Amino acid sequence: MLCPAYLYALLMTPLGCNNIYEQQYQMHRFLTEFWKAPIAANDIGYISFRNPNHYILDIWGLGSYTALSHRDNENVGWMDTLAKEHNINMAIIYPRKTLPENWKRIAVLSLGHRRTTVSGPRVGFYSTNPETEPSARDALQAFASTLPPKVKLVFEQPLKHQAVPDSPPSIETAIGIHVPED
């Protein structure tokens, strides 16, 4: 006789594996095949695995004591300082309440299936340097055409700043229409 908890785990394992493939593996592919430059991230697991290319700044703090000692600080200037120290022009991060003001979200990668194992269903790609935003956007556009079915990379309008939303981008944002704020 099967215990319901074990049966649930057995049934959810393929979906969990798919989550890793649709998000973590795709982030890794972007870094090893398209970006090939230093990066900041708050989930360094798969992106650092067999990634011989460049430095990965862990802004969550598992791989950086400096980040660990600052991560709960509301003043996020430390992230920008560390990024500049390591010549980082892009960040790939899960939702966060605050980010350095000059970090501009370029795109959001969304899972194609229900989230079961990854930290969140969406992860944002940010330019940390306005001068390199066009090359980051070009790399992401080349990457977008290689994504698996149902996985979406939705682009922001150029130079728009906002944290990764808890819900998908609005249709206006997704198709690039500017809606004036009240």
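Listed values, structure above:
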quantity	calculated
Filter pass, Leu62 being of a type in the set (A, V, I, L, M), modelled with pLDDT under 80 and either under 27 Å from Lys150 (Cβ atoms) or surrounded by fewer than 17 Cβ atoms within 10 Å (Cβ to Cβ) (or both)	yes
Lone unmet requirement of (1) surrounded by 15 or more Cβ atoms within 10 Å (Cβ to Cβ); (2) under 19 Å from Ile44 (Cα atoms); (3) under 16 Å from the mean Cα position of the chain (by Cα) for Thr116	(3)
Hits in segment 84-101 (condition: modelled with pLDDT of 90 or more and over 19 Å from Tyr25 (Cα atoms))	Lys84, Glu85, His86, Asn87, Ile88, Asn89
Check on Asp58, among the acidic types (Asp, Glu) and in contact with a Ser or Thr (Cβ under 8 Å, 6 or more places away or on another chain)	yes
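The values are calculated or read from the model by the stated rules, or taken from the named source; none is laboratory data. Owing to the predicted nature of the structure, the values given are computational and were not obtained by experimental measurement. For neighbour counting, all protein chains shown are included, and Cβ atoms are generated from backbone atoms with ideal geometry for every residue, glycine included.
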